[in-house]
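Worksheet: one structure, shown below.
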Amino acid sequence: MDALIKPIRPSKPSDKQVDRPAELDPAEFLAAAVRADQPRPARAEAEQAVKTLLAYIGENTDREGLLDTPRRVVEAFDELYQGYHQCPAEVLDRTFGETAGYDDFVLVRDIEFTSQCEHHMMPFYGKAHIAYTPVERVVGLSKLARLTDIFARRLQTQEHLTAQIAAAIDEILKPRGVAVLVEAEHTCMSVRGVAKHGAMTFTSRFTGMFRDNPAEQARFLSLVRGSQR
Ligand SMILES: [Zn+2]
């Protein structure tokens with residue numbers, strides 16, 4: 001069996017300046033995850049799969065209330081998972097090249113999102129707070145919300161979502177640093193499993209000056225927290 005264990009992408013010790021977790025593949029956070037020409041099952045097959053699940057839970061798939069359900073579920077999937085077809089790099093590419101002497105971080109807080117957990121395909125939702133300190137490239141503020149949505153509209157773990165947002169901004173804007181805090185409630189934990197409502201999960205990722213300077217992290221966190229009083 002040993003021979004079947006694939007090596008995880010080796011981390012290159014020489015790559016010290018690369019400021020992202022080794023498990024993050026730029027191909028997945030910079031490009032659309034699905035190529036336009038990538039072979040996928042037909043829509044009819046997807047609808048059939050929904051019908052199978054309905055039969056599995058014990059439903060009569062021919063009763064009137066359920067006749068259009070497979071089509072609706074697949075349409076909902078198209079919407080919830082549109083992030084696979086969108087390109088994060090494109091969103092951040094249109095930048096303003098002029099910081100006009102601005103040298104502090106830019107913070108956009110309370111970016112609401114809904115994503116789907118990759119373990120149960122159940123929603124988790126909450127807010128992302130994103131700061132970056134521009135060197136010369138600045139993006140329109142709505143772009144950080146757009147970026148969050150692209151990653152959120154894919155199957156995710158909250159940790160991965162957080163790291164991908166930070167890595168994409170780092171890679172494309174090349175700022176002095178990025179800070180991302182994500183807070184979310186997971187329905188796979190609130191309506192099933194341990195069934196604890198209201199439990200919030202927090203994840204963060206700091207790069208560059210935020211990673212290196214705890215005082216900057218603290219300033220970021222207090223500005224984010226300040227919004228919720
Ligand atoms: Zn889950």
Matching residues in the range 151-178 (of a type in the set (Gly, Ala, Ser) and out of contact with any Leu (no Cβ under 8 Å at 6 or more places or on another chain)) number 2
Scanning the range 175-195 residue by residue, those away from the ligand (no atom under 14 Å from the Cβ) and more than 13 Å from Ala128 (Cβ to Cβ) turn out to be Pro175, Arg176, Gly177
Subset of the range 145-172, residues touching a Lys or Arg at 6+ places or on another chain (Cβ under 6 Å) and more than 16 Å from the ligand (Cβ to nearest atom), comes to Ala163, Ala166, Ala167
Hey, Arg154 within 19 Å of Leu223 (Cα to Cα), in contact (Cβ under 8 Å) with a residue 40 or more places away in the chain and of a type outside the set (Ser, Thr, Tyr) or not
no
The correct count of residues that are within 16 Å of the ligand (Cβ to nearest atom) and either in a loop (DSSP other than H, G, I, E, B) or out of contact with any strand residue (DSSP E or B) (no Cβ under 6 Å at 6 or more places or on another chain) (or both) in the range 114-144 is 5
Going through (1) part of a helix (DSSP H, G or I); (2) closer than 28 Å to Ile165 by Cβ; (3) of a type in the set (D, E, K, R) one by one, Glu47 fails only at (2)
When Gly65 is run through (1) closer than 24 Å to Ala168 by Cβ; (2) surrounded by fewer than 11 Cβ atoms within 10 Å (Cβ to Cβ), the failure sits at (1)
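Residue-by-condition table, conditions (1) modelled with pLDDT of 70 or more; (2) among the β-branched types (Val, Ile, Thr); (3) more than 25 Å from the chain's Cα centre (by Cα):
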| residue | (1), (2), (3) |
| --- | --- |
| Asp2 | no, no, yes |
| Ile8 | no, yes, no |
| Ser11 | no, no, no |
| Asp19 | no, no, no |
| Asp25 | yes, no, no |
| Ala36 | yes, no, no |
| Arg40 | yes, no, no |
Scanning the range 100-127 for residues that are out of contact with any Asp or Glu (no Cβ under 8 Å at 6 or more places or on another chain) and of a type in the set (A, V, I, L, M, F, W, C), the one surrounded by the fewest Cβ atoms within 10 Å (Cβ to Cβ) turns out to be Ala100
Conditions (1) over 25 Å from Arg211 (Cα atoms); (2) within 16 Å of the ligand (Cβ to nearest atom) -> Gly198 fails only (2)
Out of (1) among the aliphatic types (A, V, I, L, M); (2) without any contact (Cβ under 8 Å) to a residue 60 or more places away in the chain; (3) not in a helix (DSSP H, G or I), the one Ala179 does not meet is (2)
Do we have Leu144 as buried (at least 22 other Cβ atoms within 10 Å of the Cβ), touching a residue at least 24 places away in the same chain (Cβ under 8 Å) and aliphatic (A, V, I, L, M) here? yes
By residue number, the members of the range 153-195 that are hydroxyl-bearing (Ser, Thr, Tyr) and under 15 Å from Arg211 (Cα atoms) are Thr162
Residue under question is Glu159, and the condition is that it be modelled with pLDDT of 95 or more and either touching a Phe, Trp or Tyr at 6+ places or on another chain (Cβ under 8 Å) or part of a helix (DSSP H, G or I) (or both); does it hold? yes
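The values are calculated or read from the model by the stated rules, or taken from the named source; none is laboratory data. What you see is a predicted model, and the numbers here were worked out from it, not measured in a lab. Neighbour counts run over all protein chains shown; Cβ positions are idealised from the backbone, glycine included.
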